[in-house]
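Some notes on the structure that comes next.
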Amino acid sequence: MRVIAGKARRLPLKTIPGTETRPTTDRIKETLFNILQNDILGIRFLDVFAGSGGIGIEALSRGAMEAYFIENNRAAASCIRDNLVFTRLVQQGTVITADVLAAFAKLEGQSPFQIIFMDPPYGRDLERTALTYLAARRPSFVDEETQIIVEASLGTDFSYVEELGFQLSRVKEYKTNMHVFLKLQEQEHI
């Protein structure tokens, strides 16, 4: 795994051994960032279920102002820190070692992220838990302009997202997985 483009281009990234994390392949990462290329410069980026941090580090390398990484696995969180140091992006990266809901609570009070990327372990419905929290709580760090991208296995059910209060703007399918692009719908004021 490596950084594809930007100031840390071609630098290899460490991953933790075993199957605890599932790094996004270079080809899928490149496709994702081709879609996002005009939205990265100067933004705040949140990488949720960050694994080795490859997606958030790619965003920083391509010009994001700062990135936060949420990762519950301590070995993976340590790997993210090592990767940030190695790519010389450590000043722009913040790692939160906690489960997703505890990390969201820690982020409350912060200004909105322009992009939130989630790559949860497949088949455990963790994306639904995270999306339900964001829709119900509407924390300060997400607003109607925040683009939320979820990486999931093909066939993962997202039929509930509109009912939660999200607008589904795009689905990009690959051989075995997909990226689902969402935004919170504006709340109706009574």
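The values are calculated or read from the model by the stated rules, or taken from the named source; none is laboratory data. Source: prediction; values computed, not measured. Every residue, glycine among them, receives a Cβ derived from its backbone with ideal geometry; neighbour counts consider all protein chains shown. Only protein heavy atoms, including side chains, enter the accessible area calculation; ligands, DNA and RNA are left aside. Shrake-Rupley method; radii C 1.70, N 1.55, O 1.52, S 1.80 Å.
If you check Glu30 against the conditions, is it among the charged types (D, E, K, R) and open to solvent by 50 Å² or more (accessible area, probe 1.4 Å)?
For Glu30, the condition - among the charged types (D, E, K, R) and open to solvent by 50 Å² or more (accessible area, probe 1.4 Å) - is met.
Listed by position, the helices (runs of 4 or more DSSP H) enclosed by the range 38-147 that each have at least 1 residues that are surrounded by 23 or more Cβ atoms within 10 Å (Cβ to Cβ) are 54-61, 74-86, 126-137.
Here is a list of conditions, (1) modelled with pLDDT of 95 or more; (2) open to solvent by 40 Å² or more (accessible area, probe 1.4 Å); (3) part of a loop (DSSP other than H, G, I, E, B), and Glu20 meets all of them except one; can you say which number that is? Unmet condition: (1). Looking only at residues that are open to solvent by 20 Å² or more (accessible area, probe 1.4 Å) and among the charged types (D, E, K, R) in the range 148-168, which one is farthest from the chain's Cα centre (by Cα)? Checked the range 148-168; the qualifying residue farthest from the chain's Cα centre (by Cα) is Glu163.
Kindly indicate the residue of the range 170-182 that is basic (Lys, Arg) and open to solvent by 70 Å² or more (accessible area, probe 1.4 Å) and also farthest from Glu145 (Cα to Cα) among those meeting that condition. Among residues in the range 170-182 that are basic (Lys, Arg) and open to solvent by 70 Å² or more (accessible area, probe 1.4 Å), the one farthest from Glu145 (Cα to Cα) is Lys175.
Yes or no: Lys183 under 23 Å from Asn34 (Cα atoms) and modelled with pLDDT under 95? No, not satisfied.
Residue count for the range 16-57 under the criterion of being hydroxyl-bearing (Ser, Thr, Tyr), farther than 19 Å from Ile115 by Cα and within 17 Å of the chain's Cα centre (by Cα): the result is 2.
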